[in-house]
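The values are calculated or read from the model by the stated rules, or taken from the named source; none is laboratory data. The structure displayed is predicted, hence computed values, not measured ones. Positions of Cβ are backbone-derived with ideal geometry, glycine not excepted, and every protein chain shown enters the neighbour counts. Note: accessible area is taken over every heavy atom of the protein model, side chains too, but ligands, DNA and RNA are not part of it. Shrake-Rupley method; radii C 1.70, N 1.55, O 1.52, S 1.80 Å.
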Amino acid sequence: MVEEIKRERKNKLIDCFGRNIDYLRLSVTDRCDLKCVYCHPPHKINYLDRSEICSYWELLQVVKVASKLGIDKVRLTGGELFLRKDIIEFISSLHEIEELKEIVLTTNGTSLLPHLKRLKEIGIRRINISLDTLSEDLFYRITGSHRFFTVLEGIQRALEEGFMIKVNMVVLRGINETEITEFIKYFLKNSVEVRFIEFMPLCGPGWREDYFFSYEKMKEIIKKKFDIHPLLSSGVAQEFVLKDRNGLKGKIGIIAPVTRSFCSSCSRLRLSASGELRPCLFSRTKVELLPILRGNLSLREKEKMIREAFKEAVKMKPVSMSKDHDADDIYIRSLGG
Ligand code: SAM
């Protein structure tokens, strides 16, 4: 029995706090076509050079090794994943890794439309789309882009094609918090689950305390228009079932990394486009995979070192996210949220 348990644990990533790490958020690029005020710092950004970005072959090796360690869910994110050439072929090759149970996407929706048909063919079913307003002008003010209706059309067509869509809104005081109930009404009618996210200090000098709007404040606004009941949630979002006075009902989530902790159920590691394996979004610790991937080693040696790197990264996972880091040195835009 002991041997059996040892074998079982050998091929799993269990951290020091007994959490089973089975979810990899993989950022395929640091480039994005939007300049969201909460993500893109006000100064010019030096994007990674192409040579610093993991190739698809390299990413595939990493995911193959990870899948043998119990990682069975991969979220592809960015930057903006659809900016990377041949991304559909890469997603398709991920689908050939039989241990992966779920491959899901997070996108800003600007280039979703032309890919929907192929995404459906290769088996993608769930897409999270970031949208912070239902106003074209405000969309431009938040993102610096005029493609509001392109994103909305992408959501609409994805629903028509049968994709399961979640919409993520980063709530910013004085900018879009007044839209919370309208957002719920609009998307509930289209059976889309909306999640409201607290603004996190992960955007360098772009961080603005005065934009912060807390979980409790979001709930206060929602309760004015809806009856809400919390659900037992295991993920990062505190989920609620809600219904309004006209019987409109559905589910929403609030992701509150700043005022609440969801770390006890953390099951994730992050891999940046440059091959940094990160145990925690708010932590500077990381294990660099690129030197292994590009080292003068046999494939077997690389696989062994990647396996060790994953175990190393899991050992580094903190019990919960530290809030004492200064915002200037961790950028969510290259880690993918
Ligand atoms: N470009 C894709 C997108 O927009 O969804 C993926 C990358 S983006 C970094 C992923 C998510 O991170 C977005 O959905 C956004 O909601 C969230 N995000 C970015 N910066 C954030 C911040 N400072 N605080 C909270 N959420 C943030």
- Message: How large is the direction-averaged shadow of the alpha-carbon convex hull of the chain, in nm²?
- Response: 17.7 nm²
- What accessible surface, in Å², does a 1.4 Å probe find on Val319, ignoring ligands, DNA and RNA and rounding to the nearest 10? 90 Å²
- Query: What is the gain in length, in nm to one decimal, between Lys35 and Leu159 on full extension, counting 0.36 nm per residue of separation less the C-alpha to C-alpha distance?
  - Reply: 42.1 nm
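Please report the equivalent ellipsoid semi-axes of segment 238-331, computed as sqrt(5 x eigenvalue) of the Cα gyration tensor, largest first, in whole Å.
On the way: eigenvalues 272, 56, 28 Å².
After diagonalising the Cα gyration tensor, the semi-axes are 37, 17, 12 Å.
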- Where segment 219-262 is the region considered: accessible area per residue in Å², 1.4 Å probe: 58 Å²
- Unsatisfied cross-links (Cα-Cα over 19 Å) in the set Lys73/Lys219; Lys225/Lys251; Lys73/Lys166; Lys101/Lys286; Lys35/Lys166; Lys185/Lys243: Lys73/Lys219; Lys101/Lys286; Lys35/Lys166
- Task: Please list, or write none, the aspartates and glutamates whose alpha carbon is within less than 15 Å of the alpha carbon of Lys311, excluding same-chain residues fewer than 8 places away.
- Result: Glu8, Asp15, Asp22, Glu276, Glu288, Glu303
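Relative to the present Cα-Cα distance, how much length would full extension add between Leu232 and Ser191 at 0.36 nm per residue of separation?
12.7 nm
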- Task: Rank by packing, highest mean first: peptides 144-155, 108-119, with packing defined as the count of other Cβ atoms within 10 Å averaged across residues.
- Result: 108-119, 144-155
- Note on the structure: Given a Förster distance of 35 Å, the FRET efficiency implied by the Cβ-Cβ spacing of Glu136 and Ser51, rounded to the nearest 0.05, works out to 0.35
- Task: Run down the aspartates and glutamates and flag those whose C-alpha is under 20 Å from the C-alpha of Lys217, throwing out any fewer than 8 positions away in its chain.
- Result: Asp132, Glu177, Glu179, Glu182, Glu193, Glu198, Glu209, Asp227, Glu239, Asp244
- Task: Provide the gained length on full extension for the span Lys44 to Lys224, in nm with one decimal, where the gain is 0.36 nm per separating residue minus the Cα-Cα distance.
- Result: 60.7 nm
- Message: How large is the accessible surface of Ser298 in square angstrom, using a 1.4 angstrom probe and rounding to the nearest 10?
- Response: 50 Å²
- At a 1.4 Å probe, what is the % contribution of carbon and sulfur to the accessible area of the chain? 52 percent
- Given the rule -39500 (n - 2.57) for each run of at least 4 DSSP H residues, summed and divided by the residues of the chain, what is its mean residue ellipticity at 222 nm, to the nearest 500 deg cm²/dmol? -8500 deg cm²/dmol
- Have a look at the DSSP beta bridges in segment 2-335 and tell me what percent are antiparallel, nearest 5. 35 percent
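Which helices, taking whole DSSP H runs in the chain, have alpha carbons extending 15 angstrom or more along the helix axis plus mean Kyte-Doolittle at least -1.0? Mind dumping the intermediate values first?
Values: long enough: 56-67 (16 Å, 0.67); 148-160 (18 Å, 0.58); 215-225 (16 Å, -1.54); 299-315 (24 Å, -1.05).
Within the chain the helices that satisfy the rule are 56-67, 148-160.
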